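None of the figures in this text is laboratory data; all of them are computed from the coordinates on show. Keep in mind the model is a prediction, meaning the values are calculated, not measured. Here the Cβ positions follow ideal geometry from the backbone for every residue, glycine too, while neighbour counts run over all protein chains shown.
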Amino acid sequence: MSTVAELLSEARRLSLEDAPLLLAHVLGKDRGWLFAWPEHRLDDVQLKQYRQLLERRRQGEPLAYLTGEREFWSLALEVSPAVLIPRPETELLVELALNLDLPESIQVLELGTGSGAIAIALATERPDWQITATDTSAAALAIARGNAARHQAPNLDFIQGHWYQALSGDGKYQLILSNPPYVMAGDPHLLEDGLPWEPPEALTAGSDGLADLRIIISEAPAHLLPDADGWLLVEHGYDQGKAVRDLFRKAGFSQVITRQDLGGKDRVTLGCYPPRP
Ligand code: GLN
């Protein structure tokens with residue numbers, strides 16, 4: 001009974017910014033299609049679905065969970081509430097990894113892959129890298145595997161396990177990366193920006209937010225090649241740079257440095273192992 005044009009003008013009147021995307025999603029089209037077919041009429045089922053999605057968005061549910069999709073590193077990825085929504089800041093982790101001076105063909109490990117965003121970005125950029133990505137959640141791995149298939153990343157394998165637990169520990173990786181949970185439990189930020197809809201186990205890590213980073217950093221040397229320059233890169237909170245650099249040094253890393261995201265905030269720390277003289 002309602003046309004696309006009527007719904008778009010209603011959305012403008014009510015300042016419902018994401019309405020065009022949700023409308024396009026319900027119709028299985030892209031946004032451009034809406035403007036080409038303003039007289040198209042939604043059927044009752046579509047209209048009901050559109051109104052329900054708008055209401056969920058109004059309640060604060062992230063757009064990516066409503067459309068089931070989010071772009072990362074120019075790759076369209078499927079997401080669900082089983083995985084953290086990939087953030088643009090995390091592209092820094094990918095960028096820094098690609099800029100390291102590493103051989104053409106290496107073994108790479110990504111811990112806590114979620115939607116697979118980081119691993120798939122690296123796999124498509126470096127087809128000669130052999131990448132292993134882990135996650136403790138079977139539901140997350142199902143999403144990640146689907147995304148890897150969608151982007152044809154045959155050089156990427158997934159293993160279910162908590163951090164390094166499912167790995168043999170034979171020290172074969174030359175690059176380890178992770179965007180682990182790093183928000184302090186009880187941080188008021190967890191109540192904002194759609195975070196209440198995201199998996200808490202992908203966001204919070206103990207009373208100081210460093211619980212998982214401690215495990216990832218302290219156990220990394222056992223998984224890095226003993227006789228070649230290997231690197232660990234981790235994402236962390238804007239106020240955790242110093243604490244994370246200290247953890248790297250305590251674990252025996254050298255060349256330890258923290259890099260800022262586009263917003264100028266400390267975001268990724270990296271270090272080399274075995275330590276260079
Ligand atoms: N950057 C995310 C946020 O604060 C947290 C992601 C994470 O814990 N890895 O919204």
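Looking across the range 1-15, just one residue is part of a helix (DSSP H, G or I) and of a type in the set (Ser, Thr, Tyr), and that is SER9. Within the range 102-117, the residues that satisfy the criterion of being without any contact (Cβ under 8 Å) to a residue 60 or more places away in the chain and of a type outside the set (S, T, N, Q) are GLU104, GLY116, ALA117. Counting the residues of the range 105-135 that are part of a loop (DSSP other than H, G, I, E, B) and over 15 Å from the mean Cα position of the chain (by Cα) gives 6. For the range 178-191, residues that are assigned to a helix (DSSP H, G or I) and within 9 Å of the ligand (Cβ to nearest atom) total 2.
Among the residues examined, GLY263 does not qualify as without any contact (Cβ under 8 Å) to a residue 60 or more places away in the chain and either more than 19 Å from LEU98 (Cα to Cα) or among the hydrophobic types (A, V, I, L, M, F, W, C) (or both). The set of residues in the range 97-132 being hydrophobic (A, V, I, L, M, F, W, C), over 21 Å from TRP163 (Cα atoms) and buried (at least 18 other Cβ atoms within 10 Å of the Cβ) consists of LEU102 alone. Looking at LEU195, LEU203, LEU233, just one residue is under 24 Å from TYR273 (Cβ atoms) and not β-branched (Val, Ile, Thr), and that residue is LEU233. Would you check which residues across the range 217-245 are closer than 23 Å to LYS265 by Cβ and part of a helix (DSSP H, G or I) and list them? Within the range 217-245, ILE217, GLY241, LYS242, ALA243, VAL244, ARG245 qualify. Looking across the range 32-67, the residues that are of a type outside the set (S, T, N, Q), exposed (fewer than 13 other Cβ atoms within 10 Å of the Cβ) and under 29 Å from the mean Cα position of the chain (by Cα) come down to GLY32, GLU55, ARG58. Selection of the range 94-122 for residues being touching a helix residue (DSSP H, G or I) at 6+ places or on another chain (Cβ under 9 Å), more than 16 Å from THR134 (Cβ to Cβ) and not β-branched (Val, Ile, Thr) yields ALA97, LEU98, ALA121.
The condition of being within 16 Å of the ligand (Cβ to nearest atom) and among the basic types (Lys, Arg) holds for only one of ARG70, ARG126, that being ARG70.
Of the residues making up the range 192-216, those that are within 11 Å of the ligand (Cβ to nearest atom), touching a Gly at 6+ places or on another chain (Cβ under 9 Å) and assigned to a helix (DSSP H, G or I) are ALA202, ASP212.
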